[in-house]
Amino acid sequence: MKKDMSITIKDVAKKAGVAPSTVSRVISDSSTISEETKKKVRKVMDELGYHLNLNARILVQKSSQTIGIVMKNSTSASLLNPVFPEFLNGISDYCSKQDFSICLTSGASEEEIFQDTVKIVRGKKVDGMIVMYSKKDDKVVPYLLESGIPFVVIGKPAYETNRIMYVDNDNVLAAKEATDYLLSLGHKRIGFISGDPRFEVSKSRFNGYRESLNENNIDMKGGYVKNFLIDQSEQGKQVVRELMSLPVPPTALLVTDDSHALFVLLVLREMKLKVPEDVSVLAFNNTVMSKLASPPLTSVNIQTYHLGNEAARGLIDLIKHPDMVKKSVIIPTTIEERESCLAYTEKNEPD
C-alpha cells in the first residue's frame, strides 16, 4: 500500500475503533493500554502507512530519543572485548523497538570518558545513560546521581545501591557454583585469575571462589590468587608463569572472563602445559571466544544479551516514568560445559 504522509492519528483511531488519545498512548507505549489494543492499533498504523514524525515529537517533548552508553574502557578496547558487542546487541534491540537511538562515550582514559559523559549530559544529547560497569572510586555514577538524569548500571553498584537501578548476575553465587564444579571434578588446588580488582565484578567473583573453598574446608593459598590487565601482556605472562611454577601448582584455574582465559591458554601452551590434561580452565561470560578457543572453554553463561536488553528496558521505563521505584534485575547464570575441564587424577601429584 502506498504510504500517505497526510494520514493522521484521527485516521488511525477511526479505523481501529478507538479514541485518538488511545492511539497517542499506544505510540508512547503507555502501560495503561493493553497489549491486545496495542497490537490492533499498530496493525492499523502499518496498514494505513502512518509513521510518527519523530522530529516533531522530540521538539514537543524536548526529548532526544537517545540513550548514552558509558563504556568501561576506550572505544577501541571495548570493541575488542567480545562481551561488549553482545551487551550492545541486547541494548540496541530494545532501543530500536522503542524508537530510541544510542550514543557511545568516547575517550582513551577514565578521565576522558568521564569528561565526555559530562559533555553529553550537559548538552542534553541523551534522555538517559547506561553505565556498562561498576567499580570503586568511579566518578561517573556520582555525577549522574547529582545531575538527576535517569541512568542504569550493568553490575551491582559499589554504593548507593538503593538509589540506583541496576542489572546484574549474582556473581558471588556464580563463582561459588563454578568453584564447586571444579571441586566436584576432584580438584582441590584451584587458582583464581581476574582482571582489574577495582571492578565490582572481579571482587564478587573472588568472594564466591573464597566462599566455596571455605565451605569445603580447603585453605585458600594466597599465591593462587592473581590478577592482570588484559592489555598488559608481559604482566599477564609473568602472572601465569609464577602461578604454574609454584612448588605445588594448581590443578585447575578459575578465570573471571573469556578474554583473560584465552590469554592464559596461550601462556600455558608456551609452558608446554596441556589443557585439560595438566590443568583445567573454567572461564566466565560464555562469549563466542569461549567456543572458538583451543580447547573450547567451559564457561559461565552470564546471559550477556539479556543483561543489555534488561538495562535498556529499565532505563526507558525510568525515562517515561521518572517517579517509578528503582529496581534491580538479577539474571541467572549457567555453566556451559566444554573441553577445558577434566576430572583430576593423581598422576601428576608431586611426591
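The values are calculated or read from the model by the stated rules, or taken from the named source; none is laboratory data. Given the structure is predicted, the values throughout are model-derived calculations rather than measurements. Cβ: placed from backbone, ideal geometry, glycine included. Neighbour counts: every protein chain shown. For accessibility, only protein heavy atoms count, side chains too; no ligands or nucleic acids. Shrake-Rupley method; radii C 1.70, N 1.55, O 1.52, S 1.80 Å.
Quick notes
- Condition check for Arg122: in contact (Cβ under 8 Å) with a residue 40 or more places away in the chain and surrounded by fewer than 14 Cβ atoms within 10 Å (Cβ to Cβ): no
- Residue in the range 277-288 that is β-branched (Val, Ile, Thr), in contact (Cβ under 8 Å) with a residue 60 or more places away in the chain and farther than 25 Å from Asp196 by Cα present: no
- Meets criteria (modelled with pLDDT of 90 or more, under 17 Å from the mean Cα position of the chain (by Cα) and open to solvent by 20 Å² or more (accessible area, probe 1.4 Å)) for Asp93: yes
- Pairs meeting the criteria (first residue in the range 133-151 and more than 17 Å from Gly195 (Cα to Cα), second residue among the small types (Gly, Ala, Ser), beta carbons under 9 Å, at least 6 apart or on different chains) are Val141/Ser134; Val141/Ala158; Ile149/Gly68; Ile149/Gly128; Pro150/Gly128; Phe151/Gly68; Phe151/Gly128.
- Boolean, Ile316 is open to solvent by 80 Å² or more (accessible area, probe 1.4 Å) and either within 19 Å of the chain's Cα centre (by Cα) or among the small types (Gly, Ala, Ser) (or both): no
- On the stretch given as the range 196-216, residues that are more than 21 Å from the chain's Cα centre (by Cα) and not acidic (Asp, Glu) total 5.
Conditions (1) in contact with a strand residue (DSSP E or B) (Cβ under 8 Å, 6 or more places away or on another chain); (2) in a loop (DSSP other than H, G, I, E, B), marked per residue:
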site: Leu273; (1), (2): no, yes
site: Ser290; (1), (2): yes, no
site: His306; (1), (2): no, no
site: Ala312; (1), (2): yes, no
site: Val329; (1), (2): yes, no
site: Ile335; (1), (2): yes, no
site: Leu342; (1), (2): yes, yes
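- Within the range 104-117, one or more residues are in a helix (DSSP H, G or I), touching a helix residue (DSSP H, G or I) at 6+ places or on another chain (Cβ under 6 Å) and among the aromatic types (Phe, Trp, Tyr).
- Looking only at the range 144-195, and only at residues there that are in a loop (DSSP other than H, G, I, E, B), under 17 Å from the mean Cα position of the chain (by Cα) and aliphatic (A, V, I, L, M), the one that is modelled with the lowest pLDDT: Ala158
- Qualifying residue in the range 197-207 (condition: at pLDDT below 95 and part of a strand (DSSP E or B)): yes
- Among the residues of the range 229-241, those identified as in contact with a helix residue (DSSP H, G or I) (Cβ under 6 Å, 6 or more places away or on another chain) and either loosely packed, with under 14 Cβ neighbours inside 10 Å or at pLDDT below 95 (or both) are Ile230, Gly236.
- Single match in Leu213, Leu173 (criterion: open to solvent by 30 Å² or more (accessible area, probe 1.4 Å) and either over 28 Å from Ala312 (Cβ atoms) or not charged (D, E, K, R) (or both)): Leu173
- Those residues of the range 221-243 which are out of contact with any strand residue (DSSP E or B) (no Cβ under 7 Å at 6 or more places or on another chain) and either under 24 Å from Thr287 (Cβ atoms) or not in a helix (DSSP H, G or I) (or both), in sequence order: Lys221, Phe228, Leu229, Ile230, Asp231, Gln232, Ser233, Gln235, Gly236, Lys237, Val240
- The selection criterion, being on the phi < 0 side of the Ramachandran plot, of a type in the set (A, V, I, L, M), free of Cβ contacts under 8 Å to residues at least 60 places away in the same chain and open to solvent by 50 Å² or more (accessible area, probe 1.4 Å), does not hold for Met244.
- Of the residues making up the range 247-276, those that are among the acidic types (Asp, Glu), within 29 Å of the chain's Cα centre (by Cα) and open to solvent by 20 Å² or more (accessible area, probe 1.4 Å) number 1.
- Evaluation of Glu112 against (1) modelled with pLDDT of 90 or more; (2) farther than 30 Å from Ala261 by Cα (one fails), failing number: (2)
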